[in-house]
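Trainee: I have a structure here, written as structure tokens, and I will follow up with some questions on it.
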Amino acid sequence: MTDTAGGGALPARGMPATDVLGEIRALRAADRPTHGGRLFAYVYDPGVAGLDALAQAAYAESAHVNGLDPTAFPSLLAMENALVGAAARLLGGGPGTGAPDVVGSVTSGGTESLLLAVKAARDARPDLAEPRIVVPATAHAAFAKAAHYLRVALDTVPVDPVTLRPDVAAVAAAVRPETVLVVASAPSYAHGVVDPVPEIAAVAQAAGVRCHVDACFGGWALPWLRRLGAPVPPFDFAVPGVTSISVDLHKYAYAPKGVSVLLHRDPALRAPQFFAYAGWPGYTMVNPVIASTRSGGPIAAAYATLRHLGEDGYLRLAAATRDAVAGLADAVRATGGLRLMAEPETTVVCFTSDDPQLDLFVLVDELTERGWHTQPQLTYADLPASVHLTVTAAVAPRVAEFGPALAEAVAAARAAGPVVLPPELLALAGSLTPEALTPDLVAGLAGGLGLAGGLGLAGGTGVPDRMAMVNTLLDAAPARLRERLLAEFVGLLQRPAW
Ligand SMILES: Cc1ncc(COP(=O)(O)O)c(C=O)c1O
């Protein structure tokens, strides 16, 4: 920042617009590349020329419109209803289907959609003192967050280490009289595997319990893949017993961030999702979703994206994604020492290694060094550490380059050998308990791992180029300790810039 006299983002004198934009662009230079098909997490890039400009223009049109009151801004209501209609149609609902009364809401993202699905299920059963939800172990962490925020107990059903799906009998056994919701993923984020939705929904229906299908990640990809001939198993409102579905438009609908849709099979199921309050002297607040004031920007941008791409566009993008997934999976199969966690059936390629000389965390660093940004996943229960690739259409033109890069990175990782943590770090990690962690301890640990930049000491981003040591340490720690370590670390990153 050139002038921060007023404190942080606020200069003593306002700056010219071009300078401000220059600052933002300079800051953005440190980010991972959001376009170009080499980042396999966080971003969803269709690689369609002109789409960004359209979405940005649409965003700008509605950025100051407030979703707080749909009667004041009918433009937003119209676009929300159009998005919900499109999502419902795509997912087996709407006139002429077995779910003609589907309704929904536009939320800010997958996490908000899942929180609201849990809230609706909880508040539909005010008679229960201790409501519970049943989720497969591979369900997104947002369900744990929802359970935590809403004081609902979380019953986790393990998944089979080979199929990566829960056993339906185990799901049935986990359902209790206090259960308000049973969850299935279509597909799971970590491995891209579709749960046995018809069987899980049947279990829920037999118990008189709601069933939410989390299609946040792949709900906008699976229908197109199916139309292209892929053997996509049933997962939507065509399945009896499915009471709600979430689908994120900021994922495979390729809209800018901030838009997800939560659908319910009928209005009565949605009703407990809403919050209304008239017990104060101001306006009566009626909120279908968590936020009250909401920018129309993301909604307008999503609307423009769907209108511009159309069914033909999404089919084309799904075909490109399917081919990219096949190409990347072939590259993994052709590389000695790597093993696919599951045969790719959606838009994810996830692999692990059985070779003790090939450290996956070192491999991830070697790939990063070569310009390929993959996502390491830590060991969980009897599932090994793995490398996750979210594949989008923009990856297709890059696939031929990935195989050689992967082979090279594997050779380099083998040559480097597995990470060996310094004994003093291991001793420290071994003696740590989540309760004993203090900010000072974490700062010491972060320094020892080369994360000092993140503590504002060197003005860096806090994340060194090579993360294998950090990942190895986290991998060795139990889940509770991982959570606390990372929470403390992020706390250290989030400090005011004066
Ligand atoms: C299956 C699934 N559900 C929920 C979410 C949470 O979505 P968000 O990050 O938009 O809150 C994700 C994110 O990747 C996901 O993959």
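Trainee: For a quick check: sort 386, 188, 295, 246 by the number of other beta carbons within 10 angstrom, fewest at the front.
Mentor: 295, 386, 188, 246
Trainee: Let me test this: with uniform point scatterers at the alpha carbons of the range 3-94, what is the Debye-based log₁₀ I(q)/I(0) at q = 0.13, 0.14, 0.23 1/Å?
Mentor: -0.82, -0.91, -1.16
Trainee: Can you give me the orientation-averaged projected area of the convex hull built on the Cα atoms of the range 1-57, in nm²?
Mentor: 5.4 nm²
Trainee: Sort 254, 42 so that the residue with the fewest other Cβ atoms within 10 Å of its own Cβ comes first and the one with the most comes last.
Mentor: 42, 254
Trainee: Using DSSP, restrict attention to beta bridges with both residues in the chain and report what percent are antiparallel, rounded to the nearest 5.
Mentor: Bridges in the chain that DSSP calls antiparallel: roughly 60 percent.
Trainee: With +1 on the Cβ of every Lys and Arg and -1 on the Cβ of every Asp and Glu, and nothing else charged, how large is the dipole of the range 121-233 about its Cα centre, in debye rounded to the nearest 20?
Mentor: The calculated dipole for the range 121-233 is roughly 280 debye.
Trainee: Follow-up. Would you calculate the volume per residue, in Å³, of the smallest convex hull containing every Cα atom of the range 41-105?
Mentor: With only Cα atoms used, the range 41-105 gives 142 Å³ per residue.
Trainee: May I ask you to list the trypsin sites (Lys or Arg not before Pro) in the range 1-93 that are in a DSSP loop and have at most 14 other Cβ atoms within 10 Å of their Cβ?
Mentor: 13
Trainee: Something else about it: Highest first, please rank the peptides 436-442, 137-143 by the mean number of other Cβ atoms sitting within 10 Å of their residues.
Mentor: 137-143, 436-442
Trainee: Expressed as a whole percent, how much of the Cα-Cα distance distribution for the chain exceeds 44 Å?
Mentor: So the pairs more than 44 Å apart make up 15 percent of the total in the chain.
Trainee: Turning to a different aspect of this structure: Of all the C-alpha pairs in the range 337-460, what % are more than 27 Å from each other?
Mentor: Tail of P(r) above 27 Å: 33 percent of Cα pairs.
Trainee: Given the options 114, 68, 49, identify the residue whose Cα lies farthest towards the positive end of the charge dipole of the range 1-159 (+1 on Cβ of Lys, Arg; -1 on Cβ of Asp, Glu).
Mentor: 114
Trainee: Please name which of 320, 59, 12 has its Cα lying farthest along the dipole of the chain towards the positive end, using unit charges on Cβ (Lys, Arg +1; Asp, Glu -1) and the Cα centre as origin.
Mentor: Of 320, 59, 12, it is 59.
Trainee: What is the spin-label model distance, in nm, from residue 75 to residue 57 if the labels are put 7 Å beyond Cα along the C-beta direction?
Mentor: Rounded to a tenth, the inter-label distance reads 1.4 nm.
Trainee: Another question, if that's okay. Throw me the Rg/Rh for the range 289-361, computed over C-alpha atoms with Kirkwood Rh, two decimals.
Mentor: Rg/Rh: 1.22.
Trainee: So what's the back-of-envelope 222 nm ellipticity for the chain, counting only DSSP H runs of four-plus at -39500 (n - 2.57) apiece and dividing by all residues, rounded to 500?
Mentor: -12500 deg cm²/dmol
Trainee: Of 44, 59, 380, how do they rank once you tally other Cβ atoms within 10 Å and put the fewest first?
Mentor: In increasing order of surrounding Cβ atoms, one gets 380, 59, 44.
Bear in mind that the values in this text are calculations on the coordinates, not laboratory data. Predicted, not measured: the structure shown is a model, and the values here were computed from it. When we count neighbours, we look across all protein chains shown, and the Cβ atoms used for this are built from the backbone with ideal geometry, even at glycine.
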